[in-house]
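These notes are about the structure you will find just below.
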Amino acid sequence: MKNTLRQVFHSSKFVVGFVIFVAILLTMFIYPLFNPGNPLEMIGVGTFARPGTYFSLYDAVKTPTETLRLANADDKRLGKQLSDEDRVAIVAWLSAVNVNVEGLDINDTEALLEQWRANYDPSVKPKGMTQAKRNYYKRLDAALKEVDAADTLIIADKNEEGQLEQQGTITKTDYVNVGQVANVKTLPLGTDNFGRDVLKELVSAAGTSIVIGLLAGLVATLIGLTLGLLSGYVGGICDDIIMFFTNIFTVIPGFVLLILISYSIGQEQRGAAVVALVIGLTSWTWTCRSVRSQVISLRNRDHVNLSKLSGHSLVRIILTDILPYIASYVVMAFILQVSSGILAEAQLSLLGLGPKTTEVPTLGLMMNWAMLYSAHTNGSWWAYFPVILTITLISFSLNLMNTGLDQVFNPTLRD
């Protein structure tokens, strides 16, 4: 056993796949300790908040300030105000009033605003420019002047007389230490269409999908192994009956059968365990065929015939004289079944036939939500790309482990 494990962990492919998979598992167990709670909790009212650190503006206003004079602070403030469309529009205005814009870089905020302040006149009506477009330029100029303002008033609630009264002012040089703000939330992957923390949801979803894959792989491997052992060793009419049903399941496309069964169960009954069971019941055929072929090559070996002559029972012969010789192959089949189960769940959930959406998140459900709310078209990459990457890493690690095991136990692939 020790020698076998030593050979396995000498396989670079197996080690790389094993490290990736263990890293994913450790993240699933450790991250919830730092960010506990319900992964489906809606913390945002809006949808698809961008990744970053958020703090309460209400609390920040009441936080003690420090005066800092940072270089280029005004340029950065104005640059943030200008979108790419605004910059292009400024150049268009300058061209319309016959200002030479050759060599003017729209990304050079300082030069762009210098030309704007020197040449913009709201009373000018460039030839061919509509009133709506001129109004746009007036709003843009007003917004830029507002950013240029020295102070911003803070208005308190109405007093006893029903009038608003000034509480204080905020200047451009007032800064607060984010560590002193009462409520701060870091969202490394932003929020999804329901306003939920994507990273927290992703960690939980990866764990659920792996559990589904393990259960589906276990069911499929046990069924395929049992039927394959019986079919290959007993033979005869037992082999014919088992292969008859195996051929039926082989002829019918597995994913189509999976869709039909999942649809017939209904949304309310489709929990994670039920989905895993359905996947396992529809994906055992190739394991059965492969085990059968292995057993057929073993059933007439000398040690098996010796056990038959010794009067050992069928169960003992299969468990002690045949199963140990195909154990490595069964482990590799199980790993592939787990990978296939995770991918099958993702495909089902993407079609809306996965586990109930109100119980636990899965990787497939996250893809389904992102697709339904058009995350891929509105630029909200954080709602779907990390999910795709996670599915890829899990499948890649499992298949890499399987390839490493195959190199160890398959004599034709050894160096």
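A Förster distance of 45 Å, applied to the separation of the beta-carbon atoms of R117 and N177, puts the FRET efficiency at 0.85. A viscosity of 0.692 mPa s and a temperature of 37 °C, combined with the Kirkwood radius over Cα pairs in Stokes-Einstein, give a translational diffusion coefficient for the stretch 276-401 of 187 µm²/s. Hull volume per residue, based on the alpha-carbon atoms of the stretch 273-314 and their convex hull, is 83 Å³.
Against the chain, whose longest principal axis comes from its Cα atoms, helix 254-265 is set at around 70 degrees. For F55, the residues whose modelled amide H falls within less than 5 Å of its own, excluding neighbours fewer than 5 places apart on the same chain, are K185.
Against the chain, whose longest principal axis comes from its Cα atoms, helix 363-372 is set at around 40 degrees. Take the Cβ atoms of V19 and Q269, set R0 to 41 Å, and the FRET efficiency comes out at 0.60.
Considering all C-alpha pairs of the chain, those separated by over 27 Å amount to 69%.
Compared with the dominant principal axis of the Cα atoms in the chain, helix 12-34 is inclined by about 60°.
Could you name the lysines whose alpha carbon sits less than 26 Å from that of K127, not counting residues in the same chain fewer than 8 places away? Reachable lysines: K138, K145. Its residue count N sets the reference 2.2 N^0.38 Å, and the alpha-carbon radius of gyration of the stretch 65-175 equals 1.36 times that reference. P(r) tail for the stretch 185-262: Cα pairs beyond 22 Å make up 52% of the total.
FYI, it's all coordinate maths here, none of it is from the lab. Predicted model only: the values in this text are computed from it and were never measured. Every residue, glycine as well, gets a Cβ built from its backbone with ideal geometry; the counts of neighbours run over all protein chains shown.
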